[in-house]
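Input: a single structure, listed below in C-alpha cells.
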Amino acid sequence: MKYIILGNGPAAIGAIEGIRNYDSKGEIILISKENCIAYSKPQLYSIIKDKTIDDIYYRDEDFYKINKVSIILDKSVNSIDFKNKLVFLKDDNIQYDKLLIATGAKANIPEIKGFNGEIFSFTNINEALKLKEIIYGKDKIAILGGGLIGVKLSEYLNKIGKEVSLIVSSSGVLSSLGDEKISEILNKVLVKNGVKLYLSTKVIETKKDSKKIELKSDKGSVICDVIVSCKGVKPEIAPFENTNLLTDHGIKVDDHMRTNLEDVFAAGDVTEVYNHIDDKYCNIPILPNAFNGGYCAGLNMAGKDHKIDTIYPMNSLQIFDVQIITMGLLKPSEHDEVLSFYDENKRIYKKLVIRNGKLVGAALLGEIDRAGILNNIIRSNIDISEIKNELFNDKINFYVIPRSIREIIVKSYTEGIK
Amino acid sequence: MKRRIICDEDYCIGCRLCEVHCTVKHSKSGDILLAYKYENEKEPSRMEFEQKNISCGSIVCMNCKDPLCIKACSMGAIKIEDETVKIDTERCVGCWMCIMVCPFGAIKRGDKKAFKCDHCFDEAIPICVANCPNKALSYEVD
C-alpha cells in the first residue's frame with residue numbers, strides 16, 4: 001500500500017499516526033510546499049517576540065523517521081490525475097493507492113485602491129519570518145481584520161513595542177465567535193493595552209509616499225509603515241479546480257473524511273465538514289479538527305471503518321491577560337435559552353446556550369477551568385434540562401452530571417466505546 | 001490504557017485527604033508541615049474533589065483510551081508513555097486546549113504549563129489511593 005499525504009500540518013501528522021496504528025508496513029510519502037517539519041500554527045505568534053521555529057515544532061524531529069515517512073519538502077503539487085492516481089510535481093510524478101489532501105488554507109489578501117506595495121500576511125512560517133524581518137526598525141503597523149490572527153498578532157506586536165492600529169470592519173473584534181460580550185470585553189482590553197482599535201471601519205484607499213503609508217477609511221486616516229492583512233483564510237484548493245473533486249468552501253468530505261473520489265481523502269483547513277450543531281457544511285479551521293480529521297482519515301486509509309467525532313468550532317485563547325474558551329454555537333436563535341453572567345470587576349463571564357434541553361454552546365472568560373466537562377456535554381448530546389441551573393451557577397464540575405450518565409462517560413472514555 | 005484511579009462515590013466521605021497527600025507528595029520538601037505552611041507556594045493537588053449533595057468523589061486523569069487532550073494539544077506536548085498520559089512540560093506553552101477538551105476536567109493550569117495526575121509513577125500505588133481512609137479510591141492496573 002502506498003499512501004501520499006499532501007501537506008504537513010496537524011491533519012497530515014494525525015493521518016500518519018492514524019495509518020501507523022494499523023499499517024506499520026505501507027509506504028508513506030509526505031509532500032509539503034514548506035521547507036520545514038511540522039510546526040504549531042497557533043504558536044506562530046511567539047516567533048514575533050523571542051521564539052524560533054525550533055521552539056514550536058509540533059512533533060520531535062525524528063517523528064518522520066520513527067513512523068517511516070519519506071518527506072519531500074519545498075515542493076508544490078501542480079496537479080493531480082485522480083483517474084490514474086498520479087500526483088504531479090514540478091519535475092516528477094508519483095503514483096498513489098490512497099491520497100490525503102491536507103494542504104490547509106492560505107491568507108485572504110484584499111486589494112486596496114491606490115496601493116501597489118506589498119500587503120503582508122501571517123498564516124505560515126514564511127510569512128511570519130518575512131513580517132518579522134520587515135518590521136525591524138519600523139514603528140507603525142496597521143493590521144486589517146479583527147479575527148483571531150489579527151487580534152493575536154496585534155497583541156504580540158504591541159508587546160514588542162510597536163504602535164499597532166487594528167482596523168476591523170465589524171463592531172467588535174472576534175465577531176466570528178458570535179458573542180458580543182466577549183467582543184466588547186476584548187475591545188476594551190486591546191485599547192487599555194495600547195492597541196489603536198478602529199471598529200466598524202472600512203479602508204477605502206491608500207496613499208503612499210517614500211516614508212509613510214496613509215490608509216484612508218470612512219472613519220478618518222491611519223498612518224503606518226507596514227500593512228498586514230489578517231482577513232481570514234481560504235482553503236488551498238487551487239490545484240484541484242477544474243477536476244472532479246467536489247469543492248465548495250473547501251473540499252467536501254463525509255464523516256469518514258472521504259471526498260467524492262475513490263481513495264481520495266481530505267482533512268484539516270482545506271475541507272468543508274459537517275458542523276453538527278449548525279447542521280450544515282462549513283470550513284472550521286481549528287487545530288483539534290485538523291488533527292482529528294487527519295487521524296480519522298489515516299485510520300480509514302489503512303482500511304478501518306472509522307467515523308469522525310461530532311465536529312463543531314471550539315477555541316482556547318489568551319488575549320493579553322484574558323483567558324477565553326468558547327465552544328459550539330454562541331449566537332442563539334429565537335427559541336434557544338441563554339444563561340449568561342458577567343462580573344465586570346472580576347472580569348468573569350460565563351454563557352450557556354441551550355436548545356431543546358441540550359447544551360449547544362458555551363463561553364467562558366476568566367474562569368476557564370474544567371471547560372472540557374461542558375464540551376463533553378455538548379459532544380455527548382446529554383439532556384441538561386434538570387441540571388442546567390447547577391451547571392450555570394456552580395463551579396463547573398463533573399459531579400453535576402447525573403451518576404448514571406457519569407458512569408457511561410467514564411466507561412466510554414476509558415474503554416474507548418462510543 | 002491500563003492504569004486508572006477510580007473513586008467509588010458510595011464510599012467517599014469527602015475528607016479530602018487525597019488532596020492533602022497529593023499536595024505533600026508533589027511538594028518540594030515532601031514534608032506535610034513545610035508543604036502547607038512554609039514553602040513559598042503551596043503545591044496544588046492533582047486531584048479534583050467534587051461534591052453534589054451526598055455524592056462526592058475525586059477525579060483525576062483517567063488515562064483515556066483515545067485521549068482527546070493529545071489530539072487537541074497545539075504543541076504535541078501530550079504523549080502516552082508507560083501506558084500513562086504524560087504532559088511534556090518543556091513543550092507545553094499553556095494554550096489550554098487540553099482543558100478545553102478533557103471530559104473529566106482533570107487537567108489543571110499551572111504557571112503557563114498544564115499539569116495533572118502522574119499516577120505517582122515512582123510509587124507502587126498512587127499516594128492518594130494508599131491513604132484513602134475508607135478505601136473509596138482504588139487503583140486499577142490491567
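The values are calculated or read from the model by the stated rules, or taken from the named source; none is laboratory data. Note that the structure is a prediction, hence the values are computed from the model and not measured. Note that each Cβ is placed from the backbone with ideal geometry, even for glycine, and that neighbours are counted across all protein chains shown.
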(request) Taking the residues in region A:269-292 that are in a helix (DSSP H, G or I) and either of a type in the set (A, V, I, L, M) or under 13 Å from A:ILE16 (Cβ atoms) (or both) as candidates, determine which candidate is farthest from the other protein chains (Cβ to nearest Cβ). (result) A:VAL270
(message) Considering only region B:69-76, I want to know if a residue exists there that is under 21 Å from B:CYS128 (Cβ atoms), at pLDDT 95 or above and within 16 Å of the chain's Cα centre (by Cα).
(response) yes
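One line per residue, one yes/no per condition, for (1) assigned to a helix (DSSP H, G or I); (2) modelled with pLDDT of 90 or more; (3) among the hydrophobic types (A, V, I, L, M, F, W, C):
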site	(1), (2), (3)
A:LEU364	no, yes, yes
A:ASP369	no, yes, no
A:GLY372	yes, yes, no
A:ILE408	yes, yes, yes
A:LYS418	no, no, no
(request) Answer with yes or no whether A:GLU61 is within 13 Å of chain B (Cβ to nearest Cβ) and assigned to a loop (DSSP other than H, G, I, E, B). (result) yes
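Restricting region A:342-368 to residues that are farther than 14 Å from A:ILE396 by Cα and either of a type in the set (A, V, I, L, M, F, W, C) or not assigned by TED's automatic domain parsing to the domain that holds A:GLU390 (or both), which is surrounded by the fewest Cβ atoms within 10 Å (Cβ to Cβ)?
A:ILE354
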(message) Can you list residue pairs whose Cβ atoms sit under 6 Å apart, with the first residue in region B:1-16 being within 10 Å of chain A (Cβ to nearest Cβ) and the second being part of a loop (DSSP other than H, G, I, E, B) and basic (Lys, Arg)? Count only pairs 6 or more apart in sequence or on different chains.
(response) B:MET1/B:LYS65
(message) As an exercise: evaluate A:LYS130 against (1) surrounded by fewer than 16 Cβ atoms within 10 Å (Cβ to Cβ); (2) on the phi > 0 side of the Ramachandran plot and give the number of the one condition it does not meet.
(response) (2)
(request) Quick one: count up the residues across region A:29-58 that are in a loop (DSSP other than H, G, I, E, B), within 23 Å of A:PRO239 (Cα to Cα) and hydrophobic (A, V, I, L, M, F, W, C). (result) 3
(request) Could you list all residues from region A:390-406 that are out of contact with any helix residue (DSSP H, G or I) (no Cβ under 6 Å at 6 or more places or on another chain), assigned to a helix (DSSP H, G or I) and farther than 22 Å from A:ILE277 by Cα? (result) A:ASN393, A:TYR399, A:ARG403, A:SER404, A:ARG406
(request) Kindly establish whether A:PHE115 is among the hydrophobic types (A, V, I, L, M, F, W, C), outside the structural domain of A:LYS216 (by TED's automatic domain parsing) and either surrounded by 16 or more Cβ atoms within 10 Å (Cβ to Cβ) or part of a strand (DSSP E or B) (or both). (result) no
(request) Filter region A:1-36 down to the residues that are surrounded by fewer than 20 Cβ atoms within 10 Å (Cβ to Cβ) and either without any contact (Cβ under 8 Å) to a residue 60 or more places away in the chain or of a type in the set (Lys, Arg) (or both), then identify the one that is farthest from the other protein chains (Cβ to nearest Cβ). (result) A:LYS2
(request) Taking the residues in region A:76-106 that are of a type in the set (D, E, K, R) and in a strand (DSSP E or B) as candidates, determine which candidate is farthest from the chain's Cα centre (by Cα). (result) A:ASP81
(message) Would you confirm, using the coordinates I've provided, whether A:ILE405 is over 30 Å from A:LEU99 (Cα atoms) and surrounded by fewer than 17 Cβ atoms within 10 Å (Cβ to Cβ)?
(response) yes
(request) Assess whether A:ILE319 counts as being crowded, with 19+ Cβ neighbours inside 10 Å and touching a strand residue (DSSP E or B) at 6+ places or on another chain (Cβ under 8 Å). (result) no
(request) Tell me which residues, restricted to region A:1-20, are part of a helix (DSSP H, G or I), small (Gly, Ala, Ser) and within 21 Å of A:ILE237 (Cβ to Cβ). (result) A:ALA11, A:ALA12, A:GLY14, A:ALA15
(message) So, in region B:10-26, exactly how many residues are in a loop (DSSP other than H, G, I, E, B) and either at pLDDT 95 or above or surrounded by fewer than 19 Cβ atoms within 10 Å (Cβ to Cβ) (or both)?
(response) 6
(message) Can you say whether A:LYS216 is surrounded by fewer than 21 Cβ atoms within 10 Å (Cβ to Cβ), assigned to a strand (DSSP E or B) and charged (D, E, K, R), as far as the supplied structure shows?
(response) yes
(message) Of all residues being more than 17 Å from the chain's Cα centre (by Cα) and part of a loop (DSSP other than H, G, I, E, B) in region B:31-51, which is nearest to the other protein chains (Cβ to nearest Cβ)? Just the residue, please.
(response) B:GLU41
(request) Considering each of A:VAL264, A:VAL273 in turn, give the residue that is over 23 Å from A:PHE122 (Cβ atoms), touching a residue at least 40 places away in the same chain (Cβ under 8 Å) and in contact with a Phe, Trp or Tyr (Cβ under 7 Å, 6 or more places away or on another chain). (result) A:VAL264
(request) Give me a count of the residues in region A:118-159 that are outside any loop (DSSP other than H, G, I, E, B), within 20 Å of A:TYR39 (Cβ to Cβ) and under 17 Å from the mean Cα position of the chain (by Cα). (result) 7
(request) Quick one: count up the residues across region A:358-409 that are at the interface with another protein chain (Cβ under 10 Å from one of its Cβ atoms), over 17 Å from A:GLY328 (Cβ atoms) and under 29 Å from the mean Cα position of the chain (by Cα). (result) 5
